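Asker: Take a look at this one; I'll ask things after.
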Amino acid sequence: MAGLALSGPVLAAATTTTPPASPPLSLQQLVAATPRGGSVSPAPGQTVAFSDAAWVRHELEQPWLTPAERAYLEALPVAASAPSPAALAAEAPPSLAAVPAGDPVMSGGCNFEDALGVTIAWFHAYLGFSDNGTKITQVSTPNNYEWASALSLNTITYDGSTFSTSQPDTGVGEATAKDTGLFTQSFGLPLTSTQFEADIFFDMEGSGAWSSHPVCTTSA
């Protein structure tokens, strides 16, 4: 589902009408009513709201919320951002296995954010490759860095990563790779969990040129 691109750190879905007030809900009803699922592909340094961000913010305005209900809503992922090139460069490992010094090192990442604008999980990937000016001669193993918060109401765990490349990925002028990081958010309730998926797509060329873009996804 398409996300809402925002120009600044404040994430608010644009609307011309005021949603009606929600009736009082129990925590179980609130969890059951929560919409989940969406993908965004932010540009470097950009934050993009998921399609359910407006619903979460609307519910947070309701006066009947209990502390537990408010904490639940505030912990939900409502947006994702892509780290800037400068941020990724500052974090980059000094070397990548099997990549000669001076060869390209690609990078990309997803940062998942809650309704307060706080990052609650992130996945950053670095991938090196070698070329001879016209063809790709080698693709490294990715170096992945991840982090997840552990809050009082919910716990986010890192479930690991997967990596794949186009075939063949060497001896060709162009190749692609996909590096995926997976997280699960559990709320300490026998009611729900939320999955985070960070897909970092890399495009590399035999000239040494490259590009990357993330697809950040949440689902039930």
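Asker: How much accessible surface does H213 have with a 1.4 Å probe, in Å² rounded to 10?
Answerer: My reading of the accessible area for H213 is about 80 Å².
Asker: A further question follows. Using a 1.4 angstrom probe on the protein heavy atoms only, line up V48, V105 by accessible area, largest first. Each step should come with its number before you reach the end.
Answerer: On the way: V48 10, V105 65 Å².
The most accessible residue leads, giving V105, V48.
Asker: Ranked by accessible surface with a 1.4 Å probe, highest first, in what order do E61, E146 come?
Answerer: Details: E61 140, E146 75 Å².
Most to least solvent-accessible, the answer reads E61, E146.
Asker: Hey, another quick one. What does the net charge come to around T217 if you take all other residues with beta carbon closer than 11 Å to its beta carbon, with K and R at +1 and D and E at -1?
Answerer: Working: positive: R36; negative: E197, D199.
Summing Lys/Arg as +1 and Asp/Glu as -1 gives -1.
Asker: Give, in nm to one decimal, the length gained when the segment between Q167 and S84 is fully stretched (0.36 nm per residue of separation minus the Cα-Cα distance).
Answerer: Values: separation 83, 0.36 × 83 = 29.88 nm, distance 2.97 nm.
Here the segment from Q167 to S84 would lengthen by 26.9 nm.
Asker: Once both labels are modelled 7 Å past Cα along the beta-carbon direction, what's the W64-Q46 spacing in nm?
Answerer: 3.9 nm
Asker: Accessible surface of Y72 in the full protein assembly, 1.4 angstrom probe, to the nearest 10 Å²?
Answerer: 0 Å²
Asker: So what J values fall out for region 47-57 if you push phi through Karplus, 6.51 cos²θ - 1.76 cosθ + 1.60 with θ = phi - 60°, rounded to Hz, Gly and Pro as x?
Answerer: These are the phi-based 3J(HN,Hα) values: 10, 10, 7, 6, 5, 8, 4, 5, 4, 4, 5 Hz.
Asker: Still on this structure, please answer the following. Net charge around Q62, counting only other residues with Cβ within less than 10 Å of its Cβ (Lys, Arg = +1; Asp, Glu = -1)? Mind dumping the intermediate values first?
Answerer: Working: positive: R70; negative: E59, E61, E69.
Once positives and negatives cancel, what remains is -2.
Asker: Answer with one residue from S140, Q185, A198: the one whose Cα lies farthest towards the positive end of the charge dipole of region 105-220, charges on Cβ with Lys, Arg +1 and Asp, Glu -1.
Answerer: The one lying farthest along the dipole's positive direction is Q185.
Asker: Still on this structure, please answer the following. Karplus couplings for region 175-184 from phi (6.51 cos²θ - 1.76 cosθ + 1.60, θ = phi - 60°), rounded to Hz, Gly and Pro as x?
Answerer: Values per residue, Gly and Pro as x: 8, 10, 9, 9, 10, 10, x, 10, 9, 10 Hz.
Asker: Now for a separate question. Could you tell me the accessible area of F163 in Å² (1.4 Å probe, neighbours in place), rounded to the nearest ten?
Answerer: Estimated to the nearest 10 Å², F163 gives 80 Å².
Asker: Residues of region 128-152 with the amide nitrogen closer than 15 Å to a label point 7 Å from the Cα of V31, along Cα-to-Cβ, please.
Answerer: 152
Asker: Right, something else. Using the Cβ atoms and a cut-off under 13 Å, what net charge is assigned to the surroundings of S161, where Lys and Arg are +1 and Asp and Glu are -1? Numbers along the way, then the final one.
Answerer: Details: positive: K178; negative: E146, D159, D179, E197, D199.
Residues close to S161 contribute a combined charge of -4.
The values are calculated or read from the model by the stated rules, or taken from the named source; none is laboratory data. Every value quoted in this text rests on a predicted model; they were computed, and no experiment measured them. As a convention, Cβ positions derive from the backbone with ideal geometry for all residues, glycine included, and neighbour counts pool all protein chains shown. Just the protein is used for accessible areas: all its heavy atoms, side chains included, with ligands, DNA and RNA removed. Shrake-Rupley method; radii C 1.70, N 1.55, O 1.52, S 1.80 Å.
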